[in-house]
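The block underneath contains the structure these notes are about, expressed in structure tokens.
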Amino acid sequence: MNAATQTGQRPDAGLLAIADVVAAQARYFRGNFTKPLEFRIGQLLKLKSMLQANEAALQAAIQADFGKQAFDTFLTEFHVIYDELEAALAGVREWARTRTVDANLLNARAKSYILPEPLGVSLVIGPWNYPYQLSLCPVMAAMAAGCTIILKPSELTVHSSSLLAQLIRANFPAEYFAVVEGGVPETTELLARKFDMIFFTGSVPVGRIVYQAAARHLTPVVLELGGKSPVIITPDVDLDEAMRRLVWAKFLNSGQTCIAPDYVLVHKSVEARLLERLEKELARVDYSLENGNYVRIVNERNVLRIVELIDPEKLLLGGGYDLQERWIQPTVLKGVEWTDRVMQDEIFGPLLPVLVYEDLDAAISEIKARPKPLALYLFTNDEATKQKVLSEVSFGGGCVNDALMHISNGNLPFGGVGDSGIGNYHGEAGFRAFSHYKSILEKDMVPDPDLKYSPHTSEKLAVLRQLTAG
Ligand code: NAD
């Protein structure tokens with residue numbers, strides 16, 4: 001695919017190669033067009049109208065990509081996007097406001113304030129698993145902050161990515177908001193350029209590639225990566241309710257969710273009851289091949305990768321699959337050990353390994369010995385256990401007595417830590433990610449006390465000591 005034919009197809013932008021789009025955006029940004037709040041709000045409103053007018057077609061494109069139905073698409077894509085849009089529209093004036101801060105004694109007569117400013121030309125690289133939400137939420141944060149944007153959506157969801165690209169090209173000039181479609185070659189070419197900010201969502205190995213490329217230009221990044229997110233279940237919880245929440249969260253999108261519960265750690269005393277409730281809940285929900293509501297795996301390569309993780313000796317429920325249909329039955333593995341293959345990498349599919357623990361400290365140590373998870377879910381009624389897990393384990397974010405739902409509250413910054421990511425977004429956190437906070441100290445020309453100027457007498461030092469905190 002030639003990138004030159006993929007970018008800037010609006011007549012006013014011409015047919016631009018990647019280097020030309022980056023240069024055009026840099027010029028546009030330097031022209032200060034994106035900075036007025038009216039401009040930013042206008043672009044957010046334009047995006048909102050574009051989405052509202054094309055919601056049905058966008059939904060159909062996701063369905064064509066991996067069989068996702070309207071309800072799930074609205075819940076996991078449009079609901080999150082519209083919430084973020086409204087939060088940005090309502091919040092951007094406040095977020096962009098100049099903030100005055102107190103002066104220290106040495107600067108008592110000066111004004112001190114912080115001016116948020118847009119970082120500049122931003123690159124947003126999206127994954128395939130929630131192709132709209134995970135591309136457009138960073139885009140909206142960039143718009144609110146006053147950046148220009150080049151979006152590189154995933155090449156794996158061809159229908160969603162190409163419709164999104166067409167709509168963006170029809171509504172926005174490429175010097176402000178452009179889309180580059182393509183895979184590794186196009187992304188590699190993009191990454192060779194200098195951006196003022198790169199926002200990447202995807203896997204840990206590609207995150208490393210992006211970070212290295214950004215380092216060459218000293219470009220700040222947000223990396224939204226993945227990992228194995230544990231679920232801890234203590235003996236005192238209502239297992240019926242816990243399994244209702246867990247099954248929904250695990251098998252939503254067929255487990256292809258960055259913050260999907262990856263594995264369960266259940267106290268040994270309730271393992272049998274938990275497995276029984278899990279079976280009951282899986283029987284209640286229709287995840288069959290015939291039911292069009294159960295999302296397909298994105299491609300055959302991933303079907304094969306996931307089914308290879310099923311150890312027949314540990315298979316308790318499910319295990320069926322259809323390669324052509326890209327369907328994998330919800331599958332539960334029992335008696336799983338930390339050393340098993342399924343416990344080595346993020347599953348990103350509908351397999352749920354169940355491990356048991358007897359000593360919570362030992363379970364916590366096992367989690368802490370591994371890369372810091374993107375999410376952690378704790379089901380417990382015990383306050384001390386809650387405090388212990390929340391304070392002792394480092395992870396991106398999570399829920400107590402639920403799973404996934406923390407991502408749906410835009411007031412909670414969303415992001416990973418350690419191997420699961422760098423930085424965060426949603427709401428004001430997204431605005432901050434695309435902004436620089438410029439600190440200004442402003443003085444009148446008179447008076448200007450003589451304290452810091454030569455000669456440096458012992459009297460002046462005594463005054464300086466008095467003005468020094470502590
Ligand atoms: P991916 O890393 O394979 O691809 C992500 C993007 O990077 C795509 O746009 C792709 O074209 C590009 N890319 C792929 N290989 C590249 C290379 N060698 N050089 C440059 N660019 C390259 O990820 P994916 O399969 O689309 O998504 C699944 C992964 O993303 C999972 O690990 C999941 O946990 C993670 N994820 C994280 C979040 C989050 O918010 N933290 C959200 C969704 C997915």
(request) First compute the accessible area of the stretch 230-410 with a 1.4 Å probe, then give the percent of it belonging to carbon and sulfur atoms. (result) 47 percent
(request) Starting at the first residue of the stretch 304-309, write each ³J(HN,Hα) from the Karplus equation 6.51 cos²θ - 1.76 cosθ + 1.60 with θ = phi - 60°, in whole Hz, x for Gly and Pro. (result) 5, 4, 6, 5, 5, 7
(message) Just the number please: accessible area per residue for the stretch 230-410, 1.4 Å probe, all protein chains included, in Å².
(response) 43 Å²
(request) Sort the following peptides by mean Cβ neighbour count (other Cβ atoms within 10 Å, averaged over residues), highest first: 127-139, 449-461. (result) 127-139, 449-461
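Cα-Cα over 30 Å: which of 268/388; 46/111; 35/194; 48/386? Intermediate results must be reported in sequence, preceding the final value.
Values: 268/388 19 Å; 46/111 38 Å; 35/194 20 Å; 48/386 40 Å.
Exceeds cut-off: 46/111; 48/386.
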(request) Express the C-alpha Rg of the stretch 230-410 as a ratio against the empirical globular expectation 2.2 N^0.38 Å, rounded to two decimals. (result) 0.98
(request) For residue 199, enumerate residues with amide H under 5 Å from its amide H, sequence gap 5+ or separate chain, H modeled in the peptide plane. (result) 123, 124, 125, 222
(message) Taking the 0 to 90 degree range and rounding to the nearest ten, how far is the long axis of helix 18-30 tilted relative to the main principal axis of the chain, both from C-alpha atoms?
(response) 40 degrees
(message) Using each residue's phi in the stretch 280-285, evaluate 6.51 cos²θ - 1.76 cosθ + 1.60 at θ = phi - 60° and report the 3J(HN,Hα) Karplus result to the nearest Hz, with x for Gly and Pro.
(response) 4, 5, 5, 6, 6, 8
(message) For a quick check: with amide H placed at 1.01 Å from N, whose amide H comes under 5 Å from residue 357's, ignoring anything fewer than 5 positions away on the same chain?
(response) 266, 267, 268
(request) Can you tell me the alpha carbon radius of gyration of the stretch 59-170 divided by the globular rule-of-thumb value 2.2 N^0.38 Å? (result) 1.44
(message) Can you say what percent of the DSSP beta bridges in the stretch 212-371, counting only those with both residues inside, are antiparallel? Round to 5.
(response) 25 percent
(request) Taking amide H positions as placed in the peptide plane 1.01 Å from N, state which residues far from residue 397 in sequence (5 or more) or on other chains have amide H under 5 Å from it. (result) 375, 376
(request) Kindly write out, for the stretch 123-136 in residue order, the coupling ³J(HN,Hα) from the Karplus curve 6.51 cos²θ - 1.76 cosθ + 1.60 (θ = phi - 60°), rounded to whole Hz, with x marking Gly and Pro. (result) 10, 10, 10, x, x, 9, 6, 10, x, 8, 4, 7, 8, 7
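Could you order peptides 302-314, 140-152 by the average number of other Cβ atoms within 10 Å of their residues, highest first? Intermediate values should be presented prior to the final figure.
Details: 302-314: 15.3, 140-152: 27.7.
Result, highest mean Cβ count within 10 Å first: 140-152, 302-314.
If packing is taken as the mean number of other Cβ atoms within 10 Å per residue, what is the order of 32-42, 426-436, highest first? Let's see the in-between values first.
On the way: 32-42: 14.8, 426-436: 23.5.
Ranked by mean Cβ neighbours within 10 Å, highest first: 426-436, 32-42.
Using the Cα centre as the reference, give the magnitude of the dipole from point charges on the C-beta atoms of the chain (Lys, Arg: +1; Asp, Glu: -1; all else neutral), rounded to the nearest 20 debye. Don't skip to the answer; put the middle values down first.
Working: 46 positive and 56 negative charges, 351 e Å.
Taking the Cα centre of the chain as origin, the dipole is about 1680 debye.
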(request) Note down the Stokes-Einstein diffusion coefficient of the stretch 17-120 in µm²/s, whole number, using a Kirkwood radius over alpha carbon pairs, 37 °C, and 0.692 mPa s. (result) 188 µm²/s
(message) Suppose only helical runs count, i.e. DSSP H with n ≥ 4. What mean residue ellipticity at 222 nm does that imply for the chain under -39500 (n - 2.57) per run, divided by all residues and rounded to the nearest 500 deg cm²/dmol?
(response) -12000 deg cm²/dmol
(request) Let me know the charge dipole size of the stretch 230-410 about its Cα centre in debye, to the nearest 20, where only the beta-carbon of Lys, Arg (+1) and Asp, Glu (-1) is charged. (result) 400 debye
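Nearest 5 is fine: what % of DSSP beta bridges in the chain come out antiparallel, could you say? If you can, show how the numbers build up before the last one.
Values: 18 of 53 bridges.
The antiparallel proportion sits near 35 percent.
Rounded if a/c is under 1.5, else prolate if a/b beats b/c, else oblate: with a ≥ b ≥ c from the C-alpha gyration tensor eigenvalues square-rooted, which is the stretch 169-249? The partial results should precede the final answer.
Details: a/c = 3.53, a/b = 2.17, b/c = 1.62.
Note, shape of the stretch 169-249 comes out prolate.
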(request) Treating the angle as unsigned and between 0 and 90°, give the value, to the nearest 10°, between the Cα long axis of helix 158-171 and the longest Cα principal axis of the chain. (result) 30 degrees
(message) If you restrict to DSSP beta bridges whose two residues both lie in the stretch 95-218, what percentage is antiparallel, to the nearest 5?
(response) 20 percent
(request) Have a look at 373, 233, 342 and report the one farthest towards the positive end of the charge dipole of the stretch 230-410, computed about the Cα centre with Cβ charges (Lys/Arg +1, Asp/Glu -1). (result) 373
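The values are calculated or read from the model by the stated rules, or taken from the named source; none is laboratory data. These numbers were taken from a predicted model, which means no experiment stands behind them. Ideal geometry is used to build each Cβ from the backbone, glycine not excepted, and the neighbour counts take in all protein chains shown. Remember, those area values only see protein heavy atoms, side chains included, never the ligands or the DNA or RNA. Shrake-Rupley method; radii C 1.70, N 1.55, O 1.52, S 1.80 Å.
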